[in-house]
Ligand SMILES: Cc1cc2nc3c(=O)[nH]c(=O)nc-3n(C[C@H](O)[C@H](O)[C@H](O)COP(=O)(O)OP(=O)(O)OC[C@H]3O[C@@H](n4cnc5c(N)ncnc54)[C@H](O)[C@@H]3O)c2cc1C
């Protein structure tokens, strides 16, 4: 098959390495190679992602920057200390670039439709993330604006992960260490209430800002991101909502989504079914987040949903690289 992969974020780059050589694959990326960047905090679970990355022929451990021991969650009146079981930061930019550097990539090619320049391709993959450039617009779509600085300083105040959720779970402020006196400091919030916070941090800790970046994150789950297809276009990754809503975590889910696509390349209906099944819990998390945002949250009414989410997180320690304890979970969902 002749396949065009539109977008070289984590989903597109991973897909380029997961398709077998029987296919003829070319990528189209709207940014020039010089201006292309993986906007992200680069946090993920090492024990879980390692195998996914290996499937693409790369060694994840070669890209690790910081191995976390604990994550502080600042609730305002209390600081929770979450034990970490594999949460790390890694050089996502270098790994993603390594995944595409020997591939055929048309840099600076913004694709707007599948039939013009791409008419010779049998399949066109929409891996354009938030843009969802080739699939129909969504009726319901929650995207969280975010801003992030990569900073460098001798006076950085923390030596491990720390997050500060905003009221009503509309987002959170984060500090993710990158090793060597550098870190990602960022914030994503539906209400944009982080403005000024990052600059205040930079000033207070005498930081050099290595890079300023930002883009909204889609937290709408796959269930509300249909259709996944349009003619010969097939969506993968954040374009079809594979981001864990409460955390804004989309690296591993995008790769998992790619693997579902590769396993079902000739069977769209089965791909659709497996994506919906695999990411079903994301809909529960989304319902919870939405009820908080809209001021409809009632503990007793949400209890079955919350227990489902808690049990999922608790039983997936390795997947998320952190331990989910009932007392922490209860405090986070009820106090915010
Ligand atoms: C600030 C921030 C911090 C985050 N932190 C984390 C984190 O720590 N851990 C985690 O797991 N997740 C994190 N996420 C989420 C995660 O980064 C994304 O969900 C994931 O990168 C989605 O991958 P993707 O390949 O689907 O899309 P993207 O990574 O967005 O890639 C899409 C690509 O398509 C290109 N493109 C778009 N439109 C077109 C077009 N029309 N033609 C050609 N090219 C196009 C873009 O330039 C881009 O290169 C974060 C997100 C943000 C914004």
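The values are calculated or read from the model by the stated rules, or taken from the named source; none is laboratory data. The shown structure was predicted, so the numbers you read here are calculated from the model rather than taken from an experiment. We place every Cβ from the backbone using ideal geometry, glycine too, and count neighbours over all the protein chains shown.
Of all the numbered requirements in (1) more than 12 Å from the ligand (Cβ to nearest atom); (2) buried (at least 21 other Cβ atoms within 10 Å of the Cβ); (3) assigned to a strand (DSSP E or B), residue 83 misses one, and that requirement is (2). Residue count for region 65-77, restricted to those that are away from the ligand (no atom under 13 Å from the Cβ) and either in a helix (DSSP H, G or I) or under 18 Å from residue 175 (Cβ atoms) (or both): 8. The number of residues in region 210-246 being surrounded by fewer than 20 Cβ atoms within 10 Å (Cβ to Cβ) and within 12 Å of the ligand (Cβ to nearest atom) comes to 6. Is there any pair linking a residue in region 3-24 that is more than 10 Å from the ligand (Cβ to nearest atom) to one that is part of a helix (DSSP H, G or I), with Cβ under 8 Å and at least six apart or on different chains, and which? Qualifying pairs under 8 Å: 16/99; 16/100; 17/99; 18/55; 18/258; 18/259; 18/262; 19/262.
Residue by residue, here is whether (1) under 30 Å from residue 58 (Cβ atoms); (2) crowded, with 20+ Cβ neighbours inside 10 Å holds:
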residue	(1), (2)
122	yes, no
148	yes, yes
173	no, yes
177	yes, yes
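A search for C-beta distances below 9 Å between a residue of region 109-122 that is farther than 10 Å from residue 6 by Cβ and free of Cβ contacts under 8 Å to residues at least 12 places away in the same chain and any residue that is near the ligand (Cβ under 9 Å from one of its atoms) and assigned to a loop (DSSP other than H, G, I, E, B), counting only pairs 6+ apart in sequence or on different chains, returns 117/109; 117/111. One residue alone among 94, 31 is free of Cβ contacts under 8 Å to residues at least 40 places away in the same chain and more than 15 Å from the chain's Cα centre (by Cα), and that residue is 94. Looking across region 89-98, the residues that are within 19 Å of residue 45 (Cβ to Cβ), part of a helix (DSSP H, G or I) and within 14 Å of the ligand (Cβ to nearest atom) come down to 92, 93, 95, 96. Considering each residue of region 316-331 in turn, at least one proves to be under 30 Å from residue 161 (Cα atoms), within 21 Å of the chain's Cα centre (by Cα) and exposed (fewer than 14 other Cβ atoms within 10 Å of the Cβ).
Screening residue 41 against (1) in a loop (DSSP other than H, G, I, E, B); (2) modelled with pLDDT of 95 or more; (3) surrounded by fewer than 21 Cβ atoms within 10 Å (Cβ to Cβ) leaves a single unmet condition, (3).
Hey, does region 145-161 have a residue that's within 14 Å of the ligand (Cβ to nearest atom) and not in a strand (DSSP E or B)? Checked region 145-161: at least one residue is within 14 Å of the ligand (Cβ to nearest atom) and not in a strand (DSSP E or B).
Just one of the listed residues (42, 36) is in contact (Cβ under 8 Å) with a residue 12 or more places away in the chain, within 9 Å of the ligand (Cβ to nearest atom) and at positive phi, and it is 42. Among residues belonging to region 132-142 that are surrounded by fewer than 17 Cβ atoms within 10 Å (Cβ to Cβ) and within 16 Å of the ligand (Cβ to nearest atom), point out the one that is farthest from residue 218 (Cα to Cα). Result: 136.
Here region 248-281 is the region considered, the condition is being within 14 Å of the ligand (Cβ to nearest atom) and free of Cβ contacts under 8 Å to residues at least 60 places away in the same chain, and the residue that is nearest to the chain's Cα centre (by Cα) is 253.
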